[in-house]
Each structure stands twice: as structure tokens, then as C-alpha cells.
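See structure below.
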Amino acid sequence: MGKIIVTRKVPDKFIEQLEAIDTVELWDDAYTPMPRDKFLKALSEATACFITLSEQIDEEALNAAPNLKIIANMAVGFDNIDVQLAHDHNIVVTNTPDVLTETTAELGVSLTLSVARRIVEAERYVQEGKWQSWSPYLLAGKDLYRAKVGIFGMGDIGKAVARRLKGFEANIMYHNRSRHSDAEEELGALYVSFDTLLKNSDFIICTAPLTEETKDKFDKQAFEKMKKEAIFINIGRGAVVDEEALIHALNEGQIWACGLDVLREEPINMANPLLKMKNAVIVPHIGSASIVTRDRMIQLCVDNIKLVLAGHEPLTPVRG
Ligand code: GLV
């Protein structure tokens, strides 16, 4: 017998399934992460842990977990985990792909439209009592219709975004470390170099995970190459963007606006200059946050834990 750690409060219906197999140590708070010292202590007796992106699984955590068999990450991304080291410790790592793809793509398109049509700014305008008359260019924005859209990162989420953009008759180009003939054939997406994507896109939508290759990919030079009218959207990971370079680009009018679901520092530091910019829309990492999808992600973590503790292969292992 060991212990199953769950680092955030999730509905009882999920906890009950885990309690049927072992003792559960639940951090009974939905909004605050489990303190690191408590987490490390709990790991000393754990056979399984259900974590969120708030937990870092590094050498210290792995050394604290002599009996751990599975780390179930409630996210598709797993840059919070040293996967190689976990595998060296014979620990299975799982994530939650597929179940969140469509929901995350919907957020990507919502954010793109919100920035393009200045929805947040317009809502504030009304709330602040500024709506005194109609005016020809009042809060005029950009069309997504037939725009040139560059998708950086053509994985499942990138493709799901591209599928939706077809409805806007957008001209889609993409850059990815490998080519995807399905996206090219089914979605008419054109594979281009990173430089071409930067120079030719009216909208750039980043859906890329954080890896050695993508870290700081959108740097000063990248923003300088973009169109002055470009809109930059990030639903991948914050550290793919050099935030200072982005702030500079917005301040200098090198690009038109941005929409971010992910930031380098999460939760955002309230002193972050992006918060004062009218042409930056920031949402708190809610890409996969629909009720149904969050239920599915939690259930997938629970299923993976059940399988691994019973000696089976998990449904969605992260391969090293
Ligand atoms: C969210 O960012 C995820 O990786 O699922």
C-alpha cells in the first residue's frame, strides 16, 4: 500500500475512484497549489501522483519519491516534468492529449477574434460610459476573413485551429519542425520557413509546446520581421516568447496587437507592462477550460493511474 497524491481539489466523483484503490492525499484547494515542502513530503510515500502544471517534477522531487510509479499530468504539455529523469527512475509519465484539442482550438480562435475586433477594449468602453455616439471608425479592427494566417506549431491543436480558420476562408501557412502532409492536403496549409511565416502573416498563432528548440523563438528579430499590422496570438507556452521583445514591439508599433493565454510568469505579475496595454489581451491559461473537457482531462489522469497501479500500460504515456 502507498498513497496517491492529488495536488488540486477535484470533484469527489474522481477522488472516489482513486480511493477505491488506495489512500488519497488530496490538496483540498482548487486555486492554490500544494506547497512544495508538503508535496515533497507526500511524495516520500506515494505510488502515484496526479499533478497540474503548477508542480515541477525535477531531480529533487524524483529523489523524494522512492516508490513512485506514475506521474499523471493534467495537461497536454509536460515542460514542468523532467521526463528523461523520471524514466530513468522507472516512473511512467502521462499527459492529456486529444481530449482537449478542440476546446483549446476554440479558445485560440476566440482570442484571435477578440484581439482582431477589439472586443475587450469595446466592452470596457461601454462599461466606462464612453459610448456617447456612433462613429465611422469607432473601435474598428481587423478581419480574419481571407486573412493570411501563420500557424507556428502544426500539432493536433494547430490543425484544429486551421480547420476552424477554413470557415473564415483564411490563407493558412504553417511552420513546424516537421511537415504535415495531412494539414497540407486537407486544410490547404502551406509549409513555409519561419522567416516567411513572420514576414507574410497578418495573424501569427503560436500553438507550439516549450522545448529547447522553441524557447525564445519569438525574439526581437522575429518581431522586427513581422508586419506592422500583424496580430500575434500565443496559446502554446509563454517561454516560447521573449516577453520583453514583445512589449518593445507593441510599444514601438512593430506589430498591431497581441493575445496571450500563456505567459512566462504564471500567474502574471501585476507589474507586467502588458497589463496596461490596450492592444494586449491577456487571459489566464484557460485554453482547455470548458467544463466537459476539464472533466475528461481529470478522468484520463485517473484512468492512467488506475492502469499503471494495476500493472498495465497507461492510455496516454509521454514517450522519452
Ligand atoms: C495546457 O497548457 C496544457 O498543456 O494542457
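The values are calculated or read from the model by the stated rules, or taken from the named source; none is laboratory data. No experiment lies behind these values; they were computed from the predicted model shown. All Cβ positions, glycine included, derive from the backbone under ideal geometry; neighbour counts span all protein chains shown. When the accessible area is computed, the model is the full protein with side chains, heavy atoms only, and any ligands, DNA or RNA have been set aside. Shrake-Rupley method; radii C 1.70, N 1.55, O 1.52, S 1.80 Å.
Points worth noting:
- Answer from 307, 300 - the residue that is assigned to a helix (DSSP H, G or I), within 29 Å of residue 93 (Cβ to Cβ), within 15 Å of the ligand (Cβ to nearest atom) and open to solvent by less than 80 Å² (accessible area, probe 1.4 Å): 300
- Candidate set from the stretch 69-99 (those that are open to solvent by less than 10 Å² (accessible area, probe 1.4 Å) and not in a strand (DSSP E or B)); member that is nearest to residue 140 (Cα to Cα): 75
- Test: residue in the stretch 268-287 that is open to solvent by 80 Å² or more (accessible area, probe 1.4 Å) and closer than 17 Å to residue 53 by Cα: yes
- Applying the set (1) assigned to a loop (DSSP other than H, G, I, E, B); (2) within 16 Å of the ligand (Cβ to nearest atom); (3) surrounded by fewer than 19 Cβ atoms within 10 Å (Cβ to Cβ) to residue 239 leaves exactly one unmet item: (1).
- Residues in the stretch 22-59 that are under 19 Å from residue 307 (Cα atoms), out of contact with any helix residue (DSSP H, G or I) (no Cβ under 9 Å at 6 or more places or on another chain) and among the hydrophobic types (A, V, I, L, M, F, W, C): 46 only.
- Residue pairs meeting the criteria (Cβ under 6 Å; at least 6 apart or on separate chains; first among the hydroxyl-bearing types (Ser, Thr, Tyr), in the stretch 188-203; second surrounded by 16 or more Cβ atoms within 10 Å (Cβ to Cβ)): 201/148; 201/150
- Residue pairs whose Cβ atoms lie under 6 Å apart, sitting 6 or more positions apart in sequence or on different chains, and linking a residue in the stretch 14-26 that is among the charged types (D, E, K, R) to a partner that is assigned to a helix (DSSP H, G or I), are 25/42.
- Matching residues in the stretch 134-182 - criterion: being under 23 Å from residue 120 (Cβ atoms) and assigned to a helix (DSSP H, G or I): 157, 161, 164, 165
- Among the residues making up the stretch 1-15, those that are in contact with a strand residue (DSSP E or B) (Cβ under 9 Å, 6 or more places away or on another chain) and modelled with pLDDT of 95 or more are 3, 4, 5, 6, 7, 8, 9, 10, 14, 15.
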